[in-house]
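FYI, it's all coordinate maths here, none of it is from the lab. Worth saying up front: this structure is predicted, and the values here are computed from it rather than measured. Note that each Cβ is placed from the backbone with ideal geometry, even for glycine, and that neighbours are counted across all protein chains shown.
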Amino acid sequence: MSRLLAAIASTLGIVSARRHRALQAQAADLKSAVAEWKSKATDATNRMRTLEQELRRQTQINEKLRASADKAKQKQGDIEKLRAQLQNAERELAGAREHLMVIEVKLDILEGAANVLDARTRTAVARSAGGTGAPV
Amino acid sequence: MSRRDDAPLVSIVLTGRNDGYGGDFTTRFFRTLRFNLQQLASRGISHEIVFVEWAPPAGSPLLIDQILGAVPELDPSICSWWVVDGRYQEALSLNPRLEYLEFLAKNVGVRRARGRFVLTSNCDVYFGRRVLEALERGALHPRVLYRAPRHDIKLAVDQSTLDWRVLEDPRNLDGPAHVLKPPYMGSATGDFVLLDRESFHEIRGFNEIYRVARIGIDRNVLVKALSSGISIADIGGPVYHVNHVGSYRISPAAYAGREAEAHWGDRRWHSGGVSYTNPPTWGLGEAPDRRLGEHLHYVDFSWDAVPPLVDLRRIVLPAARRGGPMPGHYVRKR
């Protein structure tokens, strides 16, 4: 009998007071959970936005670094070219110095020969002029 | 230039003349020669003395006329004496301040030496123990130019009683003992260059093209040797030289600021940076000679034997051999 009454009451949307309290409590719990989840969703959304910003920032940094790395690589290539050019220049300079030494030694010889020939000529001229042979 | 079977181990090439060089040259020379001959004889080292009396001054007796009486240790049979006509000095000179073309004189001796090895030295250089030991052991190799550092003995040391005790006493050294530094192992090179005869002929002796200076020609032969693939080694001990008046070693700065006036020539020439190719007639090879005695020759003057005054193509860049040192660095002269 009681079951029948309960079924009729349920059909009419009538619940017992105890059941009503229980449902109220459950509804309150659900509201609280909804609020909590809303808060978490807001936090997550905020966090997502922050992370998106961070991602954009990191992407920019990454691009900058990549650009810098490309520049550095290019500079390294330039440095190696310069180093090779420097080595070539040093070799050429050493070679030029060696040739300069040879030229200076030859100039010494020419200067010595010129002095000797000058002295011999002066002596010969003085002798042919009937002089003493002393430098004139 | 074939080797004779009776060739001595070493020809010792010396040059000089009776001109009082350094004050009382003959006394210093005879004393040194006696010491060296005694040491060579006591160790049984087979040797010959090749002496080139270069352009002897007129009016002074020849050294050959005095030496046999003054140096009883000198056996004429192991002596080869070459008196060179004085006109060569004038004809060859490219610098009237050089009164003695020392290395051309040495080349005359090197060319005519018979020994398996040829040692060019100077008349006032005493051979040290290690040098004599190396000769005694015959521990010499072809294609190696041996060098010995020179230890200078103080001018004030009593030279009349020079013996091992005096020579080897560090207190008698004039300054720190020289140490040879690779690769050139230069420093007083003219006092000790020992090389096998064939190699000496291959490089054609000391530089005869650059006759403007005397100083540095000895160092230049080291450049030539390295450039020719000949290695340079320290023989292991010093030679000794007693300081005397006029020695470059005791007055290297005497011509500071006027180097071109020095009687040894301008020391700043590039002796470490250039090489040379002497003509095949090096060492007055074309000069006529007369025999004046069994071991005495006179090298007569002939213009045919005089190389050109200028022969610039014979001054060349040294070759850098694999593993060998690079040619010398440029040093600005002026």
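Given the Cα atoms of the protein assembly as shown, and with Rh set as the inverse mean 1/r over their pairs in the Kirkwood sense, what is Rg to Rh to two decimals?
My calculation of the ratio gives 1.60.
Packing order of peptides B:232-238, B:104-110, highest average first: B:104-110, B:232-238 (average count of other Cβ atoms within 10 Å over each peptide's residues). Mind running the shape call on the range B:137-258? Use the C-alpha gyration tensor, a ≥ b ≥ c as the square roots of the eigenvalues: rounded below 1.5 for a/c, prolate if a/b tops b/c, oblate otherwise. Taking the square roots of the gyration eigenvalues as a ≥ b ≥ c, the range B:137-258 is oblate.
All other residues with a Cβ under 13 Å from the Cβ of A:Asp78 taken together, and with Lys, Arg as +1 and Asp, Glu as -1, what is their net charge?
On the way: positive: A:Lys71, A:Lys73, A:Lys75, A:Lys81, A:Arg83; negative: A:Asp70, A:Glu80.
With Lys, Arg at +1 and Asp, Glu at -1, the neighbours total +3.
Of the DSSP beta bridges with both residues in the range B:10-316, give the percent that are antiparallel, rounding to the nearest 5.
Percentage antiparallel, nearest 5: 35.
Apply the a/c threshold of 1.5 to the C-alpha gyration tensor of chain A and tell me whether it is rounded, prolate or oblate. It is prolate, given that a/c is not under 1.5 and a/b is the larger ratio. Restricting the range B:258-288 to trypsin sites (Lys or Arg not before Pro) that sit in a DSSP loop and have at most 11 other Cβ atoms within 10 Å of their own Cβ leaves B:Arg258. The mean number of partner chain beta-carbon atoms within 10 angstrom of a residue's beta-carbon across peptide B:306-315 is 4. Of the residues B:Ser121, A:Gly95, B:His244, the one whose Cα sits farthest towards the positive end of the charge dipole of the protein assembly as shown is A:Gly95 (charges of +1 on Lys and Arg Cβ, -1 on Asp and Glu Cβ, taken about the Cα centre). Anisotropy class assigned to chain B is rounded, per the alpha carbon gyration tensor with a/c under the 1.5 cut-off. A Förster distance of 41 Å, applied to the separation of the beta-carbon atoms of A:Leu86 and A:Leu110, puts the FRET efficiency at 0.70. Model label sites at A:Gln26 and B:Val316, defined 7 Å from Cα along the beta-carbon direction, differ in position by 11.4 nm.
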